[in-house]
Amino acid sequence: MTRREATSPLALLHHLFPASLLRQEASAVGLVQRVRKVDVVQLFLAVVLTVSGRGGHTIAALHRSYLLRSGKRLARSAFWRRLSPAFSELTARLLRRMETDSAARPPRYAGVLRHFKDVIAVDAPVVRVHESWKHGGPGTRTKTSPAAIKVHTWVRAVTGELLKHRITKERYADSKAFGVEWKAAGKLFLFDRGYPSASLWHR
């Protein structure tokens, strides 16, 4: 049976993370302790949709996105306080939940892909971060990007479902981010030449 896919980033986020789930998880990590002016659903959507765009993104841009989405006035300092370790934990919990759900629903391919158990796209885009983090995550372009990280991902190529993720320094080798074990036999991996590793090819 073919699943109906979301047709926009916003629709996909609503499908993956219903408002009830977001509020439940936000309460569990202590991000929301009582009903206040800040809507955690709009906060999460504003941050995810803004940082997913190209280029650098300031706190001011995130703040504007939240104001436009929620239609409520909120001081920048108050908004900044919501981007806390609890918000980070909320995001991590949601990512782990998505990966668990994806792994529990193995696909059934047809046509030329019918012989594969899965088709997985592997990539590690580089994300610039504030230069104050250059000692913890120095970038390879010291003048234009003194600090940067890599977001390593395994994504189910046909549906876009997230299977694995890991965040490292930019200088971390792509091929070392995830181990490819023998149980991956029968799966088709798609990756570029950033993954040169004799042991990886052997596996």
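What to note about this one:
- Residues of the stretch 25-61 satisfying the condition of being over 15 Å from residue 88 (Cα atoms) and either open to solvent by less than 40 Å² (accessible area, probe 1.4 Å) or at pLDDT 85 or above (or both): 38, 39, 42, 49, 50, 53, 60, 61
- Residues that are at pLDDT below 90, part of a loop (DSSP other than H, G, I, E, B) and open to solvent by less than 40 Å² (accessible area, probe 1.4 Å) are absent from the stretch 10-23 altogether.
- Among the residues examined, residue 70 does not qualify as of a type in the set (Gly, Ala, Ser), open to solvent by 70 Å² or more (accessible area, probe 1.4 Å), in contact (Cβ under 8 Å) with a residue 24 or more places away in the chain and closer than 20 Å to residue 14 by Cβ.
- Note on the stretch 176-191: residues that are exposed (fewer than 11 other Cβ atoms within 10 Å of the Cβ) and assigned to a loop (DSSP other than H, G, I, E, B) amount to 4.
- Subset tally (residues that are buried (at least 17 other Cβ atoms within 10 Å of the Cβ) and either hydroxyl-bearing (Ser, Thr, Tyr) or touching a helix residue (DSSP H, G or I) at 6+ places or on another chain (Cβ under 8 Å) (or both)) for the stretch 163-175: 3
- For the criterion of being at pLDDT below 90, closer than 29 Å to residue 15 by Cβ and in a loop (DSSP other than H, G, I, E, B), residue 127 fails.
- Of the numbered criteria (1) in contact with a Ser or Thr (Cβ under 8 Å, 6 or more places away or on another chain); (2) more than 20 Å from residue 25 (Cα to Cα), the one residue 42 fails is (2).
- Residue selected from the stretch 73-96 under the condition touching a residue at least 40 places away in the same chain (Cβ under 8 Å) and of a type in the set (D, E, K, R), by the criterion surrounded by the most Cβ atoms within 10 Å (Cβ to Cβ): 82
The values are calculated or read from the model by the stated rules, or taken from the named source; none is laboratory data. Since the model is a prediction, treat every value here as computed from it, not as a measurement. Cβ: placed from backbone, ideal geometry, glycine included. Neighbour counts: every protein chain shown. Accessible surface areas use protein heavy atoms only, side chains included; no ligands, DNA or RNA. Shrake-Rupley method; radii C 1.70, N 1.55, O 1.52, S 1.80 Å.
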